[in-house]
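Quick note: the coordinates plus some simple rules give every number you see, no bench work behind them. Please read these numbers as outputs of a predicted model, since none were measured by experiment. Backbone-built Cβ (ideal geometry, glycine too); neighbour counts: all protein chains shown.
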Amino acid sequence: MTFSTSVIYTVMLAGAVIPALGADRIHQRNLRDRRNLQEFATLCAPLTDGSAATCPAASAPSCLAANSPAYCAPEHSFDALVAARTAEVQSNAAGMEASGYWFQLLEDKGAGYVLTADTGHAPPMIGCCITDPSELSTTCAASLTGAVVIKADDGHSNSGVFAFSNGVSSGTNSTEMLTQTDMTLEDVISAMSALNPTKILVEELITTAGGDLPIEYKFHMFGGEVGAIDIVMNRGTDCACYAVIDVGCERLDQQGCFQTTGEAATDDSGICTAVNGGLGMRRTGPVKQNLPICTADLEFDSCAITKLAEVAHDISLIVGSYIRVDMFMDASGKIYVQEYSTNPMNGIRYCASRIDPVTGCLDPCFLGEMWDANSSPGFELYGGNQDDIPVYLETWSSMTAEQQCSEILAATVWDDFSSGAVCTDKPTGAPTAAPVPWAISNDQADPFEPAFSLNFTMDAQGGVQSLPMSIGADGETLYPCWCLNYDPTPPPVGTEFVVTDPSTVTDALFGNPNTTYTFDIMEKMQQLISAYESGGWTATDLQFTIWQYTDNEMFATQALVDLVEGPTPPQPVGVTLMQSTDSTYQNMLCYDTTPATPGV
C-alpha cells in the first residue's frame, strides 16, 4: 500500500452558513469524518517553533500527536478499559482484594519496591521512608547526599518527584533535574506538604555515564506478553520526547494518540476500524505533559529491549493482570525496575497503533484486544487472571503508613535474577565458525525468549502476532526464526526441533510437499533474512514474503520481492533449518551465526 506524502484538510470556517443536508449526505459526511488513518502519511503536527533545532538528531522531538477518536469495540477500547478498572479500584478495592485481585496494591510505590526486591530484580535502593514531609530534614538527612530522588509514594507522571544529582540541603539551592529549577530542602518540604502524600520515599538516583537522567522504558504487559513499550528520552531537558515501539523496535506512535468512543464502527471500506483523523489533527498536542513525539529516525538498542523485556515478562507472570512495568538501565547496562502503573495516562488516551498485515488497515484496538484475550470470561474488567497475592503483601492494605515504611526498609533486595536473554548482533559478513549441531531434547534449555515467544497465535487468514520468534538450546539462541509453512499449526513453547543436515534439505521442507521450486529456495530464504537483518523491513514484511515464496501466498511486500529479484540481491547469510519432531507443526528457518548452511 502506498501512503500519501502530503495531507490536505478541508476547514469549515466559523460562522459559515451550512445548508440542510439529506440523510444520505449526512451519512457520507460522517463516514469521511471517520476516515481511515492510512489516508495520511502521519498524524502528527511538525514542531515549527525551532525548539528542537539544537537537540541531537538521533533523539530529537519532532511533532505533536493527533488525538483521534477511534471506534474500537467497547471490549477492545484500551483507554476505556483502564478507566473502568481504575473506577472499580476506587470504589471496590476491598472487594477486589477479597476476590484475589491485588495488582492495585502496586500503585503504592512502596509495595512495588517490596515486590521487585523479593522477585530477584533490582529496584533503586530506598534509604529512607517517612510519613511527614518535615522528617526529610531529620530522619532522612543522612540519605539526602549524593544522587537522590525524593518522591511521593502515590504520585503519578512525576508529580511529587524531585531528583538531585548532588543531593539537596537546607538553605542551599540545588538544581532539580526534572524541571531544571533551583530548590532548597525547604522548597521540597513545602511542595511535598502541599501534596499531602501517604508516604515519602528517598531512593538512589540512577543516571547515565554523563550524569544525566536515563532513558525510561515502560512495558505494557499482558500475562507475560509485551503489548507496547513507551520510551521517554532526554527527560529533564528541552529535548525530551516520547516514543512507542513494539518488541521488534517498530514504531507504534506514528499515527498519534487515540481516545475511543465506546462505539464500534468501520470506515467506508467496511473493513478498517473507523478513526476520526481529521478531528485528531485539529487537536494535536504533546503525548503527555511537555513530551512531543520523538523523531522517526530514532534508533533503539534492540539488545537492551530484549533484556528489559525478559524482566518485564518475569514480573508480568507474577502479577497476572495487565500491568505497566517501568524500568531504567544504568551506565553499565544494569536494569532497575523503577515502579509499576495500573492506570497509564489515567485511561484518558493511549498512543499505540499498528498496521494489520492482512488487511493493511491501521489497528488502534490491538492493546484492548490483548487485554480481552488475557482475561477469563466474567473478569474482563481486570485485564487478566490474578495470581495468588505474595505473602508479604497480604496485609499491606491493613497496615498503617508507618508499618508500611518499616516493611519497605526491612525488605531484602536479592538482585539474583538470572538472565537467559541472548542478543544476536546483525551479520557483518560470512560466518567463519564451523556448524555446531544441537537439538532441543536434552532438557538443558527450552525455547525461551520472553520478547519473542514461540506460542504466538495465527488466525485462519494468516494474521500473525509476536513475530519474529526464537529457538534456544544448550546456551545458544537462534533469532530471528521464521515459519516456512502458511497453513500448518504454529509450534507452541516446548516444541522439540532438530537441526536439518544441509545435505538432506529438500524443497518439500519449505512448504507444500507437492511444490518443486524453479529457483534455489534456500538461497532465496537466506537473501530475505539478510535483507531483514540489514534493517528497513518489518517482521511481517518478511514473514508474508517468505510465505509468498514457499507456499504461493499473497500479501508479500513487493518492494522486498523487487529487492531479492533485482540485479544486486542481498548476500545470503548463514541459516539453520529446524524441523519439528512433530509433523503437525511448522518448520522454522533461523538466522544463525554458527549455521548449518553458511552464507557467503
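Modelled label positions at Thr584 and Asp132, each set 7 Å beyond Cα in the direction of Cβ, lie 6.6 nm from each other.
Computed FRET efficiency, Cβ-Cβ of Ala264 and Ala94, R0 25 Å: what is it to the nearest 0.05? Present the calculation step by step, with values, prior to reporting the outcome.
On the way: r = 34 Å, r/R0 = 1.35.
Result of the calculation: an efficiency of 0.15.
Applying 1/(1 + (r/R0)^6) with R0 = 60 Å to the Cβ-Cβ distance of Gln180 and Tyr517, what FRET efficiency is obtained, to the nearest 0.05? For Gln180 and Tyr517, the calculated efficiency is 0.45.
How much net charge surrounds Gly127 when only other residues with a Cβ under 10 Å from its Cβ are counted (Lys, Arg +1; Asp, Glu -1)?
On the way: positive: none; negative: Glu203, Glu204.
The answer is -2.
Send over the per residue convex hull volume for region 250-346, Cα only, as a whole number of Å³.
On the way: hull volume 17.2 nm³, N = 97.
Roughly 177 Å³ of hull volume per residue.
Here's how it looks for Ala274: its modeled amide H is under 5 Å from those of Tyr71, Ala265, Thr266, Asp267, which are all 5 or more places away or on a different chain. Stokes-Einstein D for region 522-573 at 4 °C, 1.567 mPa s, Kirkwood Rh over Cα pairs, in µm²/s? Answer from the Stokes-Einstein relation: 122 µm²/s.
Work out how much length Leu195 to Ser406 would gain on full extension: take 0.36 nm times their residue separation and subtract the Cα-Cα distance, in nm to one decimal. Working shown, then result.
Working: separation 211, 0.36 × 211 = 75.96 nm, distance 2.21 nm.
Computed gain between Leu195 and Ser406 is 73.8 nm.
As a rough guide to protection, the peptides 252-261, 302-311 ranked by mean Cβ packing within 10 Å, highest first, stand as 252-261, 302-311. Each residue of region 101-115 is assigned a 3J(HN,Hα), and the resulting list reads 8, 9, 3, 5, 4, 6, 5, 7, 4, x, 5, x, 4, 5, 4 Hz, derived from the Karplus form 6.51 cos²θ - 1.76 cosθ + 1.60 (θ = phi - 60°), x at Gly and Pro. For the pair Asp187 and Asp301 in one chain, pulling the backbone fully straight at 0.36 nm per residue adds 37.2 nm over the alpha carbon distance.
Restricting things to alpha carbons, find the Rg to Rh ratio for region 340-383 using the Kirkwood radius for Rh.
Details: Rg = 12.5 Å, Rh = 12.1 Å.
The Rg/Rh ratio comes out at 1.04.
Region 550-592 and region 76-104 have Cα centres spaced 44 Å apart.
Take every pair of alpha-carbon atoms less than 8 Å apart whose residues are at least six positions apart; their mean separation over the length of region 228-282 yields a relative contact order of 19 percent. All other residues whose Cβ lies under 11 angstrom from that of Gln558 are scored, Lys and Arg at +1 and Asp and Glu at -1, for a net of -3.
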